[in-house]
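Quick notes on the structure that follows.
The values are calculated or read from the model by the stated rules, or taken from the named source; none is laboratory data. These figures come from a predicted structure and were not determined experimentally. Please note: Cβ atoms are built from the backbone with ideal geometry, for glycine as well, and neighbour counts cover all protein chains shown. Surface areas here come from the heavy atoms of the whole protein model, side chains and all, with no ligands, DNA or RNA. Shrake-Rupley method; radii C 1.70, N 1.55, O 1.52, S 1.80 Å.
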Amino acid sequence: MRWGVVVFPGSNDDQDTLWAIEQVLGEPVVRLWHKDADLHGVDVVVLPGGFSYGDYLRCGAMARFSPIMDKVIEFAGRGGLVWGICNGFQVLCEAGLLPGALVRNRDRRFVCAMSYVRVEDNDTPFTRLCRRGEVLRIPIKHGEGCYVADATTLELLERNRQVLLRYVDANGRATSEANPNGSLDNIAGIVNESRNVFGLMPHPEHAVEKWMGSDDGLKFFQSVLAAQRNPGTTDRTAVAPGH
Amino acid sequence: MRKSTAAFAVWPEEESVRARVFVMPKKEVLDPQGKAVARSLQALGFTEVGEVRVGKLIELELQADDRRQAAERTEAMCRKLLANGVIEDFSFEIEE
């Protein structure tokens, strides 16, 4: 499976993402420059974290209009897998590939911490190796990660099971204290309606080996790989509430 | 949501115009920056201060045949890039 990681000016997690895919997952990966006008035949596109174009105007607003994004939008429209992490999630929202937006954290502070997220649905290529209700430890580091959307959008997200990850405490409870940035309904990650575009604020690429403090993030990478090799089967079992 | 687009003057030829674009967080979107500024002002003794909201002012220069064209182009810029309709409202003024 051929992976592509987009590099915008100001991306800073591109190397970690490339490393996670190549060294840990063991799959071929290419760097896609923001000025590239084609995706070089990749099967999945990852938009990494960072501060693309200095986060000028709004996070992700300028990156959304870079030449490669036209191709990414086209690719997503054909059902191609697109995955945005942190700044990549912001870019996907700005591009209209995912609903809602990410705004300044509730407490105005940049947060850099280990977080717990609960997998809300595993019927997607990105979470298929997770169990529903499973709690993962994945770090967060962002200043503008507060997910907002209007009431109608939130209702649709819930109804279509598009909320894939929620911030929770160590016991799997989605409390207000466990919400690091004020995201509505503790939302940490969502998928689009056709389930091929995924965005999340936590950084799975920083949690792919035990020495990093957690290797839970690897599950998303492995899920994508499993989905490509064997489309159509998902473990529908769920973890008991409370985990 | 635009201001000052009434009474379009017709200019003899293409001219440089200045637009002032105001981008504000939507009322229903939490504005932590505005809240912090309100608290600081109150702590400094400006106890009459109620709600504060912080937005952006963008000044830009553009070439246009007349005010109407300048307003149309500025509005298109707001919709495409300058404001995000999910979280922000915009308004603008065209100056000669």
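At a 1.4 Å probe, which residues in segment A:51-70 are at least 40 Å² less accessible with all protein chains present than in their chain isolated? Residues shielded by partner chains are A:L57, A:R58, A:F65. Of all aspartates and glutamates in the structure, those lying under 13 Å Cα to Cα from A:K35, and not within fewer than 8 positions of it along the same chain, are A:D70. Considering only B:L44, B:L30, B:L60, the mean-square fluctuation computed in a Gaussian network model of chain B, springs between alpha carbons under 10 angstrom, is largest for B:L44. Determine the sum of side-chain charges near A:G50: Lys and Arg each +1, Asp and Glu each -1, restricted to other residues whose C-beta is under 11 angstrom from that of A:G50. Spelling it out: positives minus negatives among the neighbours equals -3.
Packing-wise, with mean Cβ within 10 Å as the measure, how do A:113-120, A:83-90 rank, highest first?
Final packing ranking: A:83-90, A:113-120.
Under the rule a/c < 1.5 gives rounded, and otherwise a/b versus b/c splits prolate from oblate, where does segment A:85-129 land using the Cα gyration tensor? Oblate. For A:K219, the lysines whose Cα comes closer than 23 Å to its Cα, not counting residues fewer than 8 places off in the same chain, are A:K141, A:K210.
Summarise the partner chain shielding of B:79-90 as one whole number: the mean count of Cβ atoms from other chains within 10 Å of each residue's Cβ. Counting Cβ atoms of other protein chains within 10 Å of each residue's Cβ and averaging gives 4. Tell me whether segment A:3-229 comes out rounded, prolate or oblate; compute the Cα gyration tensor, take square roots of the eigenvalues as a ≥ b ≥ c, and use a/c under 1.5 as the rounded threshold. Note, shape of segment A:3-229 comes out rounded. Applying the criteria of a DSSP loop state and at most 11 other Cβ atoms within 10 Å to the chymotrypsin sites (Phe, Trp or Tyr not before Pro) of segment B:46-96 yields B:F46. Considering only alpha-carbon pairs that sit under 8 angstrom and 6 or more positions apart, the relative contact order computed for segment A:60-208 is 29 percent. Amide hydrogen proximity for A:G217: with H placed 1.01 Å from N in the peptide plane, the residues at 5 or more positions away or on another chain lying under 5 Å are A:A207. Each Cα pair under 8 Å and six or more residues apart adds its sequence gap; the mean of these over the residue count of segment B:14-95 is a relative contact order of 51 percent.
Just to make sure I understand: if all protein chains stay in place, what is the order of A:K35, B:K26, A:K71 by accessible area at 1.4 Å, largest first?
Working: A:K35 135, B:K26 40, A:K71 65 Å².
Listed by decreasing accessible area, they come as A:K35, A:K71, B:K26.
Counting only alpha carbon atoms, the long axis of helix B:67-77 and the longest principal axis of chain B meet at about 50°.
In the protein assembly as shown, the DSSP beta bridges split such that about 70 percent are antiparallel, to the nearest 5.
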